[in-house]
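Written out below as structure tokens is the structure these notes cover.
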Amino acid sequence: MLNDHKKRIKEICDLMGEDFNAPSCREVLEHINQCPTCKVYYDTLKKTVLLCQENDCPEELPDEVNRRLMNLLNLRDFLNAPEK
Amino acid sequence: MNEKEIITLAKQGDKEALSKLVNKYSERIYNLALRILRNREEAEDVLQETFITVLEKLHSFDGRSSFFTWLYRIATNASLMRLRKKKLVYQQISDDPDFQESVESRVFVDWSQDPSVSLFDKEMKLKLDAAINKLSDIYRSVFILRDIEGLSIKETSAILNITEENVKIRLRRARQYLRDILSDYFEERVVSKYVK
């Protein structure tokens with residue numbers, strides 16, 4: 001049983017972020033829905049990644065940093081706001 | 001003009017074409033370096049190093065990989081070189097033996113649905129930042145490229161020049177490590193709530 005959890009948990013980790021509709025994922029997904037231990041593991045793992053993503057705040061390139069970069073590359077004549 | 005045409009012109013020394021590439025990717029490169037190094041000054045250094053390398057090596061870019069992959073590889077390597085120079089002591093992430101032990105010895109508590117679990121919890125945010133900081137370069141780079149930047153396993157593998165299987169192994173260990181850190185924190189809270 002524990003070995004089964006261990007195997008499944010590895011599979012859950014590998015498949016997270018992949019396409020769960022793929023046939024190879026179906027079996028793991030069915031297991032998650034039937035096994036409380038793996039369900040908790042999956043939910044908390046998913047929440048962890050979600051929290052990391054929410055915690056990540058991309059910054060706008062500061063004007064000064066952009067200006068120094070363009071100067072360094074001898075491209076000051078083309079100094080524009082970076083494309084998004 | 002598509003990117004391939006812009007690159008061809010930039011290779012011929014066309015400054016306007018080069019500036020288009022710089023303007024298109026500079027913010028992404030800055031943020032990638034910032035995510036890996038967590039320091040704005042060093043992120044700027046990596047940004048400059050990356051585009052200096054682009055200037056020097058653009059003639060040898062043969063288009064076998066996409067320009068984005070090539071650029072990201074340069075920036076990731078520059079960031080990782082800096083991270084390694086710091087010689088910080090990272091958390092060792094062992095594979096199977098420790099993991100098996102943790103599966104055997106603990107009852108998983110579901111904190112994922114707890115409404116108090118949010119980034120407004122400053123202590124949790126600090127724990128999360130500290131945990132990511134403790135990830136060694138090989139795990140941090142994979143986790144950032146795949147889970148934060150949202151790149152595919154294939155792209156991550158091409159950027160880091162490692163096999164897709166290796167990406168999956170490193171990603172699995174990084175995710176498990178971060179989950180365990182947060183679980184230690186939240187399980188204690190959830191359990192104490194019910195004990196009271």
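Observations on the model:
- Ellipsoid semi-axes for the range B:3-85, based on the Cα gyration tensor and the rule √(5λ), read 23, 12, 10 Å when sorted largest first.
- Under Stokes-Einstein, with the Kirkwood radius over Cα pairs as Rh, the value for chain B at 10 °C and 1.306 mPa s is 84 µm²/s.
- Using θ = phi - 60° in the Karplus curve 6.51 cos²θ - 1.76 cosθ + 1.60, the 3J(HN,Hα) couplings for the range B:54-62 round to 4, 4, 6, 10, 4, 4, 8, 6, 9 Hz; x is entered for Gly and Pro.
- Built from the Cα atoms of the range B:19-64, the convex hull projects on average onto 3.6 nm², one quarter of its surface area.
The numbers here are math on the coordinates, done by the rules we state, and not lab data. Predicted model only: the values in this text are computed from it and were never measured.
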